[in-house]
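Worksheet: the structure to be examined is printed underneath.
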């Protein structure tokens, strides 16, 4: 066995209690870091999955990202115009069917039309503002998870009930309505429509469940006062993460404002970034703190072994070789601690995944979402190993830089 | 012609500080190959400091130490460590054996550090050294299972491990009883008789008298050199 490793192994194996304490410290740090990373990423991904499932990946609106320039502005540089009323501008996407055909030819996913407007539900004295989306059920199944989110009724029931609507369970609870009941919808133009609740859905996002209702295209267009209008195209992609890139291409092609789900939830995603930073800081602190046990042990060993260090140097062992003994000791503590930390981390993740909690957003009891990733294990192990090596380096350097004569004279 | 194993030229060791203190003050000394030299002197006279300079454990403030004709003052710390590893063997007042290791492992330590021999060869030599010092049956014992004299003999075996040209010993019998003292000195004498150079610091005048040459140090300077020739002691007082 290599001399340096042999001495290092002898030091750690003859101090069983201290070594186990050091290993336990590393294991705890690594284990809890893995659990925390799995828990945080799991909950984040679960939330994003719900978000992505609930809303279209890209929404093409019948508006421009910026106000179009006027002919006079294009002609004369000195002309600047503002507060221009779009008199006579008809809402809606022009030639929606041809736009959808064109998009279907190249986007990796599908597209469906919708007529979106705002309205008020008036029922039993309650007046609640909602967003009404007119959909084509046959196409809607291609672009949303609404079918799988249905708790009562089916999408096809929209065409069976008179002016049928589908609303979120949360909204139905708020209004005290059930499937088959009739509610009054009041549009912005004063249009009133008696609609039958044809079904209930639950997306998992309370803000959606409380404010979004669906109908066929016809009733929604009636509420808008614009028959035949399609003011929104809803795209679903095979890869939701490519939404930003595809949205930019769609916008370039159609000229209409195309909003990816990332852009629509930019505030939320930026809060995730802040949360990730906080979590990483806490995890780093945990790993650093766990390495203090290693620092303590190596400091103790180097102090106890001052004479051994002196004699090894006087025999002709180089300073860096002697220093390496203590780095290897920390590495032994670190590696074994990391291995047990990985096991602990997995067990903690597994244990936490069995715990169910009440989610006030969805109103249901759900298991804690844990994300298992090899990356968590490697990063936690890597950082811990670096912390251990660093924790050993400084006391080792201090101890080995002492002149052997000072120690030998002191012992004589 | 006699070959010089160890030579000190105008050797000075000074401790700099608020109050400077000179430990070794201009010593010139040449030790022949196979010679047994004893350095004596009162406490604080600088004899151990001189020994550490001769063994390259410490670096001189001025002057030169030459080992086997090679100057060492310009060597880096790593190169000095290499010279110590291959050319010098150290024995101290306390054995300084690594307590977690067996006697044999302690003897193997310098050989393993040098890394010039195969493991089997090292073990063979280690056992032979322990056997030659009467410790064959103690090879697998740890230092705490040995007596003081046995520990010091293990330390001597460790010093001899890499077949060094020079053995430097700092009061190797200082912590031993009379019987062990006699035993250790006999071993050192035998080592010198076999051709290795031995420089030993001792307080014991009777033991110093058994050396080929006794160098008496006072205040960091050589005060007296006594040579043993033709069975009689010849005294020479240094100027």
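Hey, residue B:90 hits all of (1) more than 10 Å from every other protein chain (Cβ to nearest Cβ); (2) within 20 Å of residue B:4 (Cα to Cα); (3) touching a residue at least 12 places away in the same chain (Cβ under 8 Å) but one; which does it fall short on?
(1)
Please state which of the following conditions residue A:318 fails to meet, knowing it meets all the rest: (1) closer than 16 Å to residue A:32 by Cβ; (2) within 14 Å of chain B (Cβ to nearest Cβ).
Against the list (1) closer than 16 Å to residue A:32 by Cβ; (2) within 14 Å of chain B (Cβ to nearest Cβ), residue A:318 comes up short only on (1).
Going through segment A:212-245 one residue at a time, which ones are part of a loop (DSSP other than H, G, I, E, B) and either outside the structural domain of residue A:148 (by TED's automatic domain parsing) or within 23 Å of the chain's Cα centre (by Cα) (or both)?
Listed by number, the residues that qualify are A:238, A:239.
Look through segment B:51-78, keep the residues that are in a helix (DSSP H, G or I) and at pLDDT 90 or above, and return whichever of them is farthest from the other protein chains (Cβ to nearest Cβ).
Restricting to residues being in a helix (DSSP H, G or I) and at pLDDT 90 or above, the top hit is B:54.
Looking at (1) at pLDDT below 90; (2) facing chain A (nearest Cβ under 10 Å); (3) out of contact with any helix residue (DSSP H, G or I) (no Cβ under 6 Å at 6 or more places or on another chain), which is the only condition residue B:100 fails?
The one condition residue B:100 does not meet is (3).
Would you confirm whether any residue within segment B:217-237 is within 28 Å of residue B:116 (Cβ to Cβ) and not in a loop (DSSP other than H, G, I, E, B)?
There is no residue in segment B:217-237 that is within 28 Å of residue B:116 (Cβ to Cβ) and not in a loop (DSSP other than H, G, I, E, B).
Among the candidates A:128, A:120, single out the residue that is more than 30 Å from residue A:241 (Cβ to Cβ), surrounded by 11 or more Cβ atoms within 10 Å (Cβ to Cβ), at pLDDT 90 or above and touching a helix residue (DSSP H, G or I) at 6+ places or on another chain (Cβ under 9 Å).
Step by step, each of A:128, A:120 is checked, and only A:128 is more than 30 Å from residue A:241 (Cβ to Cβ), surrounded by 11 or more Cβ atoms within 10 Å (Cβ to Cβ), at pLDDT 90 or above and touching a helix residue (DSSP H, G or I) at 6+ places or on another chain (Cβ under 9 Å).
May I ask you to list the residues in segment A:178-199 that are closer than 15 Å to residue A:130 by Cα and buried (at least 19 other Cβ atoms within 10 Å of the Cβ)?
A:183, A:185, A:187, A:193, A:195, A:197
Scan segment A:364-389 residue by residue and report those that are under 20 Å from the mean Cα position of the chain (by Cα) and within 22 Å of residue A:202 (Cα to Cα).
Of everything in segment A:364-389, those that are under 20 Å from the mean Cα position of the chain (by Cα) and within 22 Å of residue A:202 (Cα to Cα) turn out to be A:366, A:367, A:368, A:369.
Of the conditions (1) in a helix (DSSP H, G or I); (2) closer than 28 Å to residue B:65 by Cβ, residue B:195 satisfies every one except a single condition; which number is it?
(1)
(1) within 27 Å of residue B:3 (Cα to Cα); (2) within 11 Å of chain A (Cβ to nearest Cβ): which one isn't true of residue B:47, the others all being true?
(2)
Quick one: residue A:172 ticks every box in (1) touching a strand residue (DSSP E or B) at 6+ places or on another chain (Cβ under 6 Å); (2) in a loop (DSSP other than H, G, I, E, B); (3) surrounded by 19 or more Cβ atoms within 10 Å (Cβ to Cβ) bar one, so which box is it?
Here residue A:172 meets the rest and fails (2).
Restricting to segment A:393-412, what's the tally of residues that are within 12 Å of chain B (Cβ to nearest Cβ) and either assigned to a helix (DSSP H, G or I) or surrounded by 13 or more Cβ atoms within 10 Å (Cβ to Cβ) (or both)?
Going through segment A:393-412 one residue at a time, the tally reaches 11.
Of the residues that make up segment B:210-226, is at least one modelled with pLDDT of 85 or more and closer than 24 Å to residue B:126 by Cα?
No, the conditions are met nowhere in segment B:210-226.
What residue, of B:200, B:184, is assigned to a strand (DSSP E or B) and in contact (Cβ under 8 Å) with a residue 24 or more places away in the chain?
Answer to the selection: B:200.
What's the number of the condition residue A:370 fails, among (1) crowded, with 22+ Cβ neighbours inside 10 Å; (2) touching a residue at least 40 places away in the same chain (Cβ under 8 Å); (3) outside any helix (DSSP H, G or I); (4) within 14 Å of another protein chain (Cβ to nearest Cβ)?
(4)
In segment B:163-183, what residues are out of contact with any strand residue (DSSP E or B) (no Cβ under 6 Å at 6 or more places or on another chain), surrounded by fewer than 24 Cβ atoms within 10 Å (Cβ to Cβ) and on the phi < 0 side of the Ramachandran plot?
B:174, B:175, B:176, B:177, B:178, B:179, B:180, B:181, B:182, B:183, listed by residue number.
The values are calculated or read from the model by the stated rules, or taken from the named source; none is laboratory data. Here the structure is a predicted model, which means the values were calculated and not measured. Cβ atoms come from the backbone with ideal geometry, glycine included; neighbour counts cover every protein chain shown.
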